[in-house]
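These notes are about the structure you will find just below.
FYI, it's all coordinate maths here, none of it is from the lab. Computed from a predicted structure; not experimentally measured. Cβ coordinates were reconstructed from backbone atoms using ideal geometry, including for glycine residues, and neighbour counts include every protein chain displayed.
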Amino acid sequence: MKKIRYLIVAALLCALMITGATAADPVPAGGKNIILATTTSTQDSGLLDALLPVFEKQSGYFVKTIAVGSGQAIAMGAKGEADVLLVHSPADEKKFMDEGNGLRRQLVMHNDFIIIGPADDPAGIKTAQSAPEAFKKIADKKTLFLSRGDKSGTHSKEKKIWKAAALNPEGQSWYQQTGLGMGQTLGVAAEKKGYTLADRGTYLSLKKNLGLDVLCQGDKSLLNIYHVIDVNPQKWPKVNAAGAKAFADFMVAADTQKLIGSFGVEKFGAPLFTPDAGKSAESLGK
């Protein structure tokens, strides 16, 4: 009987100790998980695979990455569904900040957009002097063009080029929207031997499997600029403000900027991105 009582008391004490320990465990403010909403190009190029392990080791935070189009990433931030953004759609970013959704918007890096297509270049865009002229040649010849059609930064840039060319390709049989990310859209363009607009970093990382050539590049309008934005915790109290700040600070830190500047050099002979922290966007491409 005594033995049974002893076992019951011991079990109760054990339960109380467990409950007490759980209640007393310190929980870091904001937690150790960060939601990063970013463009597919940072994922498809492999850049995040190089940077995130370094950040996580240094900071102790764990990053959950959601790679979508920049438009979708910015929309997530505007709903408080992400803590920090890494995006490349300047007009949408400015609107996001003007609406009070962002705390800080910092320049991180740039690369450029390129127009790629089959090596035989059926639309003859190699001779184009600008991106709008290249698009006009594609439209004139009615050659297949693959658009991401996903409200991403790349899609936004593409629409601006069509507008500059005074053309609206929507509804044309030669103009097809994939609704996919950059890497997948490149795969569709390769399969169908069509033209598409791509960021150079993702193209270079996948080039060997595509069989597509760079046919138009160097136009200043093709500059592709990335910013990191902390989502405003005053508007969205559940945002992990401390984690967002840690990640944003990491992206513009000198050591990280060196990593960005060297990423791709060993494999491709040139960096896939140019680090720009501390510069003004207006100074790029000059």
### Summary
Among trypsin sites (Lys or Arg not before Pro) in the range 39-95, those in a DSSP loop whose Cβ has at most 13 other Cβ atoms within 10 Å are 79
### Query
Where does the longest stretch of the chain lie that holds no GluC sites (Glu not before Pro) found in a DSSP loop with 14 or fewer other Cβ atoms within 10 Å?
171-286
### Task
Over all alpha-carbon pairs of the range 205-277, lay out the pair-distance distribution in 10 Å bins, whole %, shortest bin first.
16, 32, 29, 18, 6
### Query
Do the alpha carbons of any pairs in 157/279; 32/57; 137/159 sit beyond 20 Å of each other, and which pairs?
157/279
### Message
For a test of the definition: using alpha carbon positions, the gyration tensor, and the 1.5 limit on a/c, classify the range 112-222 as rounded, prolate or oblate.
### Response
rounded
## Note on the structure
Expected sort for 200, 104 with the fewest Cβ neighbours (10 Å cutoff) up front is 104, 200
### Message
With both bridge residues required to lie in the range 112-222, what share of the DSSP beta bridges run antiparallel, to the nearest 5%?
### Response
60
### Message
Run lengths n ≥ 4 of DSSP H only: what is the helix-derived mean residue ellipticity at 222 nm for the chain, with -39500 (n - 2.57) per run over all residues, to the nearest 500?
### Response
-13000 deg cm²/dmol
### DSSP bridge pairs, the chain: antiparallel proportion in percent, nearest 5
60
### Message
Could you list 66, 74, 161 so that the one with the fewest beta carbons within 10 Å of its beta carbon is first and the one with the most is last?
### Response
66, 161, 74
## Note on the structure
Sorted largest first, the C-alpha extents of the chain along its principal axes in whole angstrom are 95, 41, 39
### Summary
Cα pairs beyond 29 Å in the range 39-186, in percent, come to 26
